[in-house]
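Working notes for the structure below.
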Amino acid sequence: MEARAYLRGLRMSPRKVQVLLDLIRNQPTELALATLRHTPRAASEPVAKLLKSAIANAENNHNMDVNHLYVAECFVTPGPTMKRVRPRAQGRAFRILKRSSHVTIVLREKE
């Protein structure tokens, strides 16, 4: 039995989110939330909100015990990239890539 939560279209680069997901993988949910709360990264707030959503899904939809949950899987995949143009010297144009992410968190109960 597992509970999932998805965050689609997070306006942040996947590399920045991956750093946080590496910190909380295979951790109990209480420890993962505490880690995210005390990590000074921009991605920690949306990832913490996603983790709380996964905990609520486990409790309400799957009748899992909240005290025995841990982060079994968490991964990020690249979302759509917005392409923008920035003017540069001598009439040139440089491309700016505004990346986005799709984040998935999977929770399971310890046996």
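Counting only residues that are part of a helix (DSSP H, G or I), hydrophobic (A, V, I, L, M, F, W, C) and out of contact with any strand residue (DSSP E or B) (no Cβ under 8 Å at 6 or more places or on another chain), which one in the stretch 42-57 is surrounded by the most Cβ atoms within 10 Å (Cβ to Cβ)?
Once the filter is applied, the top-ranked residue is Ala48.
What single numbered condition from (1) in contact (Cβ under 8 Å) with a residue 12 or more places away in the chain; (2) farther than 16 Å from Met12 by Cβ fails to hold for Arg92?
Failed condition: (1).
Got a sec? Which of Met64, Met82 is within 20 Å of the chain's Cα centre (by Cα) and either crowded, with 17+ Cβ neighbours inside 10 Å or of a type outside the set (Ser, Thr, Tyr) (or both)?
Values: Met64 fails: within 20 Å of the chain's Cα centre (by Cα).
Result: Met82 is the single residue among Met64, Met82 that is within 20 Å of the chain's Cα centre (by Cα) and either crowded, with 17+ Cβ neighbours inside 10 Å or of a type outside the set (Ser, Thr, Tyr) (or both).
Every number here is computed from the coordinates shown, using simple stated rules; none is lab data. Quick caveat: nothing in here was measured; it's all calculated off a predicted structure. All Cβ positions, even for glycine, are placed from backbone atoms using ideal geometry, and neighbour counts span all protein chains on display.
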